[in-house]
Amino acid sequence: MNSDVCTCEKGFDFGKPVHELDKFAYFGNDLGAVYSKEKTVFTLWSPAALSVKVKLYATGSDNEAGAGVLAELPMEKTQDNVWRLEYAGDHKNEYYTYIITHKDKTVETVDIYAKAGGVNGNRGMIVDLPSTDPEGWDKDNYIFMPSPTDAIVWEVHVKDFSHCASSGISEKNRGKYLAFCEHSTLYGEGIVPTCVDYLKNLGITHVQINPFYDFGSIDESKNDDSFNWGYDPKNYNIPEGSYSTNPYDGNVRITECKQMIKALHDAGIGVIMDVVYNHTYQGGGSFFDLSVPGYYYRYNRDGSWSNGSGCSNDTASEHLMFRKFMVDSVLYWAKEYHIDGFRFDLMGLHDAHTMNLIRQTLDKEFGKDNIILYGEGWHMGTACARDTQLANQGAVRSMHGVGAFNDNIRDAIKGSVFGAYDKGFVQCGAGAERIKSGILGETCSWAGEASQCVNYASCHDNYALYDKLILSERGGAGYSERFDNLVSMIKLSAAVVLTSRGIPFFLAGEEIARTKFGDENSYCSSAKINEIDWENTGHYADLILYYQGLIRLRKRLDALRGSNEVSDKSNLRFIDNAMPCVTYVVDFEQDGINGHIFVALNPCDYDVRINLADTGLDKNTKWIAVANKHSAGTAPLMAISELALVENKSALVLIDEAAYKAIFKK
Ligand code: CA
């Protein structure tokens, strides 16, 4: 290919060749092993290789009954610069690798396009994908929202979710995909639902699940307590085996992963997959580097590996065949596994062209913006090709339909993640201006639309919210105790996030004061540190009710969410008469009803009175409180006029009486 711009057969613009091998780029849709009963066709892109063979095995490792080599068959190089082999006959469930002879070495590698694999992902497997579908899969529905701002995201890890016995999950499924399929799970005396039943009650719309593609750091042959977040990708298009009940049979993890997704969909909950294309578990020695040495990664001028990721290597999304790999992989998960959204780890290491191409590809298949896309848009140093526009917050305005995490509101709410004892808005009222920017969904700053702004106080990285409060308020003493003043701060934090425009997001268990006992970076800490202890649902029932109530309220009031359509029609103005309280009014129209919402967020240790005439509305306006320090929801808490009392460390949300009656009494 000699043109300046590379275009695939569907007409997508893959951009300009950057690497010398890009001129041999291949845009076909058949990379990998394509199975049918009559034959399996293998297609590999490795344009500089001297020869390639497919090696077929009976099992996924040599330590299994019946292990043995079935065949070694040469591939032929085509005019399209790919290697191909048609393997006649029905070879379902055979395992395979590629033996590639490069000019200086011969290596054995897993196919980077493998869609199934054996234990620990050391061999690919020929898979008949329709045969992996669980019962009812053909009737499974995606969870698409009218606007990304309608999503409410709960971030969880497969093992955290059910590892603890208090989850009520059967012992064999604890920490596994199948835990998501158990119903009527209870904690304690049988009154508190857990797991998926609990999530239905909580009202969140999506779970974001920490990596569940095949990662490298856990030995799948040991069914034990070992734990890792999974940000160490080995095979991008294969589900992780340690979460399955049988990591040896390449079909089982696929079926069980689909069962997890279907169970969540059946509960009305969408699945956002955490994807980590920015680096691989290993750089040299990865299946990418064994397949095409030196191509898929970035290197410094001195030839050393670029390491913006901090994980020893950075992939090169601006190289056409890695760009294509990302597009193909995301589309594959969305189609084959019915994934409803993707969260891109260290998105700031990718480039904006690739993210836009992913957006366009998904839109063509699923409709505009239906699949939610956002990522970590941090500004990062990396040895990318010149003229590469990295996909960081500064590029968000050039990436329609791709959002980014809002570190401004994260740090403003409870202090910087870079200082354990640093305080923020909920502790001492600091950071009010950045809170206001978050309330607007950063549209006054880096986001073009509120739907591009993911607002949050806590995620898997850094301290759990409760731990941050214990550190900054109590010097790190008493992780297992309940402190009611800290619970008030969590409620205020939740009120900030759930009344702000954008996509609200929180770490699983934030709403039950989850602790990791001050462990700031628990990526390989014990399962005991990381697991959700469902016993807390009993200790923090009031906190759960508060989150539930705010979620219910947010779902009913379009103006709180700030979809693009809503933002155009509603007017939000701040009333700076009681700083450091953050106070604002929204004039809105919803379903033909004109109304007003008043929100006051009081971080002070004392109660604050706010004259409602300062809203600029008719002084006779009567208001209904729907959230205060103690309660939140859609039920009327009290009628208020003229003067609003905002209790210490709390939020107050009011709706004008006429609009309240019209919206909630219907
Ligand atoms: Ca694995």
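The values are calculated or read from the model by the stated rules, or taken from the named source; none is laboratory data. Since the model is a prediction, treat every value here as computed from it, not as a measurement. Virtual Cβ from ideal backbone geometry, glycine too; neighbours counted across all protein chains shown.
Of all strands (runs of 3 or more DSSP E) completely enclosed by region 18-61, which ones contain at least 3 residues that are touching a strand residue (DSSP E or B) at 6+ places or on another chain (Cβ under 6 Å) and modelled with pLDDT of 95 or more? Spell out the reasoning first.
On the way: elements: 32-35, 39-45, 51-57.
Correct list: 39-45, 51-57.
Does region 202-248 hold any residues that are charged (D, E, K, R), touching a residue at least 12 places away in the same chain (Cβ under 8 Å) and in a loop (DSSP other than H, G, I, E, B), and which are they?
Restricting attention to region 202-248, the residues satisfying the condition of being charged (D, E, K, R) are 214, 219-220, 222, 224-225, 232, 234, 240.
Add one more test, that the residue is touching a residue at least 12 places away in the same chain (Cβ under 8 Å), and what stays is 214, 219-220, 225, 232, 234, 240.
Listed by number, the residues that qualify are 219, 220, 225, 232, 240.
Scan 370, 392 and give me the residue that is out of contact with any Lys or Arg (no Cβ under 8 Å at 6 or more places or on another chain), among the polar types (S, T, N, Q) and farther than 25 Å from residue 18 by Cα. Before the answer, list the steps.
Values: 392 fails: farther than 25 Å from residue 18 by Cα.
So the residue among 370, 392 that is out of contact with any Lys or Arg (no Cβ under 8 Å at 6 or more places or on another chain), among the polar types (S, T, N, Q) and farther than 25 Å from residue 18 by Cα is 370.
Answer yes if at least one residue in region 176-193 is within 16 Å of the ligand (Cβ to nearest atom), surrounded by 20 or more Cβ atoms within 10 Å (Cβ to Cβ), assigned to a loop (DSSP other than H, G, I, E, B) and under 19 Å from the mean Cα position of the chain (by Cα), and no otherwise.
Step one: of region 176-193, the residues within 16 Å of the ligand (Cβ to nearest atom) are 176-177.
The next check asks that each one be surrounded by 20 or more Cβ atoms within 10 Å (Cβ to Cβ); those that pass are 176-177.
From the residues that got through so far, the ones that are assigned to a loop (DSSP other than H, G, I, E, B) too are 176.
Adding the requirement that they be under 19 Å from the mean Cα position of the chain (by Cα) leaves 176.
Within region 176-193, one or more residues are within 16 Å of the ligand (Cβ to nearest atom), surrounded by 20 or more Cβ atoms within 10 Å (Cβ to Cβ), assigned to a loop (DSSP other than H, G, I, E, B) and under 19 Å from the mean Cα position of the chain (by Cα).
On the given criteria, is residue 320 over 20 Å from residue 352 (Cα atoms), among the aliphatic types (A, V, I, L, M) and modelled with pLDDT of 95 or more?
Answer is no for this residue.
Among the listed residues 269, 254, which satisfies the condition of being hydrophobic (A, V, I, L, M, F, W, C) and within 19 Å of the chain's Cα centre (by Cα)?
269
Filter region 249-269 for residues that are among the aliphatic types (A, V, I, L, M), assigned to a helix (DSSP H, G or I) and either away from the ligand (no atom under 14 Å from the Cβ) or at positive phi (or both) and give the result.
Those that are among the aliphatic types (A, V, I, L, M), assigned to a helix (DSSP H, G or I) and either away from the ligand (no atom under 14 Å from the Cβ) or at positive phi (or both): 260, 261, 263, 264.
What's the number of the only condition in (1) touching a strand residue (DSSP E or B) at 6+ places or on another chain (Cβ under 9 Å); (2) surrounded by fewer than 21 Cβ atoms within 10 Å (Cβ to Cβ) that residue 127 fails to meet?
(2)
Is it true that some residue in region 205-217 is more than 15 Å from the ligand (Cβ to nearest atom), over 18 Å from the mean Cα position of the chain (by Cα) and either under 24 Å from residue 461 (Cα atoms) or β-branched (Val, Ile, Thr) (or both)?
no
Any chance you could count how many residues in region 393-409 are closer than 29 Å to residue 304 by Cβ, surrounded by 21 or more Cβ atoms within 10 Å (Cβ to Cβ) and not aliphatic (A, V, I, L, M)?
Selection size over region 393-409: 1.
Go through (1) under 22 Å from residue 397 (Cβ atoms); (2) out of contact with any Lys or Arg (no Cβ under 9 Å at 6 or more places or on another chain); (3) not small (Gly, Ala, Ser) for residue 487 and report which single condition fails.
(1)
Do you know which of the residues in region 522-551 that are closer than 30 Å to residue 613 by Cβ and of a type outside the set (Ser, Thr, Tyr) is surrounded by the fewest Cβ atoms within 10 Å (Cβ to Cβ)?
549
Return yes or no: is residue 470 more than 21 Å from the chain's Cα centre (by Cα) and closer than 30 Å to residue 447 by Cβ?
No: the conditions fail for residue 470.
Of all residues in region 230-241, which are more than 12 Å from the ligand (Cβ to nearest atom) and over 16 Å from the mean Cα position of the chain (by Cα)?
237
Are there any pairs, at least 6 apart or on different chains, whose C-beta atoms fall under 7 Å, with the first in region 425-450 and farther than 17 Å from residue 566 by Cβ and assigned to a loop (DSSP other than H, G, I, E, B) and the second at pLDDT 95 or above and not hydrophobic (A, V, I, L, M, F, W, C), and if so, which?
So the pair list comes out as 429/603; 430/423; 430/424; 431/424; 445/437; 446/393; 446/394.
Please pick out the residue among 244, 226 that is closer than 21 Å to residue 130 by Cβ, within 12 Å of the ligand (Cβ to nearest atom) and among the polar types (S, T, N, Q).
Details: 226 fails: closer than 21 Å to residue 130 by Cβ.
Only one candidate passes the filter, namely 244.
Across region 614-629, what is the number of residues that are surrounded by 22 or more Cβ atoms within 10 Å (Cβ to Cβ) and in contact (Cβ under 8 Å) with a residue 40 or more places away in the chain?
Qualifying residue count, region 614-629: 3.
Are there any pairs with C-beta distances below 6 angstrom linking a residue in region 272-284 that is surrounded by fewer than 24 Cβ atoms within 10 Å (Cβ to Cβ) to a residue that is assigned to a loop (DSSP other than H, G, I, E, B) and of a type outside the set (Lys, Arg), with the two at least 6 apart or on different chains, and if so which?
What qualifies is 273/339; 274/210; 274/211; 281/216; 281/232; 283/312; 283/313.
Based on this model, can you work out whether residue 328 counts as assigned to a loop (DSSP other than H, G, I, E, B) and away from the ligand (no atom under 16 Å from the Cβ)?
For residue 328, the condition - assigned to a loop (DSSP other than H, G, I, E, B) and away from the ligand (no atom under 16 Å from the Cβ) - is not met.
Identify, please: which residue in region 378-392 is under 11 Å from residue 350 (Cβ atoms) and of a type outside the set (S, T, N, Q) and is, among those, surrounded by the fewest Cβ atoms within 10 Å (Cβ to Cβ)?
If we take residues in region 378-392 being under 11 Å from residue 350 (Cβ atoms) and of a type outside the set (S, T, N, Q), then 380 is surrounded by the fewest Cβ atoms within 10 Å (Cβ to Cβ).
Scanning for something within 16 Å of the ligand (Cβ to nearest atom) and either among the hydroxyl-bearing types (Ser, Thr, Tyr) or in a helix (DSSP H, G or I) (or both), does region 272-282 turn up at least one residue?
yes
Is one or more of the residues making up region 251-268 more than 30 Å from residue 547 (Cβ to Cβ), in contact (Cβ under 8 Å) with a residue 60 or more places away in the chain and surrounded by fewer than 23 Cβ atoms within 10 Å (Cβ to Cβ)?
So in region 251-268, the residues more than 30 Å from residue 547 (Cβ to Cβ) come out as 251-255.
Among the residues that remain, those that are also in contact (Cβ under 8 Å) with a residue 60 or more places away in the chain are: 251, 253-255.
When the remaining residues are screened for being surrounded by fewer than 23 Cβ atoms within 10 Å (Cβ to Cβ), the result is 251, 255.
The answer is yes, given that some residue of region 251-268 is more than 30 Å from residue 547 (Cβ to Cβ), in contact (Cβ under 8 Å) with a residue 60 or more places away in the chain and surrounded by fewer than 23 Cβ atoms within 10 Å (Cβ to Cβ).
Among the residues in region 428-442, are any of a type in the set (Val, Ile, Thr), in contact with a helix residue (DSSP H, G or I) (Cβ under 9 Å, 6 or more places away or on another chain) and closer than 19 Å to residue 345 by Cα?
No, region 428-442 contains no residue that is of a type in the set (Val, Ile, Thr), in contact with a helix residue (DSSP H, G or I) (Cβ under 9 Å, 6 or more places away or on another chain) and closer than 19 Å to residue 345 by Cα.
Go over the candidates 134, 130 one by one and state the one that is part of a helix (DSSP H, G or I), over 30 Å from residue 452 (Cβ atoms), more than 16 Å from the ligand (Cβ to nearest atom) and at pLDDT 95 or above.
130
When residue 470 is evaluated against the numbered criteria (1) under 17 Å from residue 376 (Cα atoms); (2) crowded, with 22+ Cβ neighbours inside 10 Å, which criterion, by number, is the only one it fails?
Among (1) under 17 Å from residue 376 (Cα atoms); (2) crowded, with 22+ Cβ neighbours inside 10 Å, the lone unmet condition for residue 470 is (1).
Looking for something outside any loop (DSSP other than H, G, I, E, B) and either closer than 30 Å to residue 153 by Cα or hydroxyl-bearing (Ser, Thr, Tyr) (or both) - is there at least one such residue anywhere in region 301-311?
The answer is no; no qualifying residue exists.
Which residues, taken from region 464-484, are of a type outside the set (Ser, Thr, Tyr), closer than 15 Å to residue 413 by Cβ and not in a loop (DSSP other than H, G, I, E, B)?
465, 467, 468, 469, 471, 473
What residue, among those in region 37-55 that are crowded, with 23+ Cβ neighbours inside 10 Å and of a type in the set (Ser, Thr, Tyr), is nearest to the chain's Cα centre (by Cα)?
46
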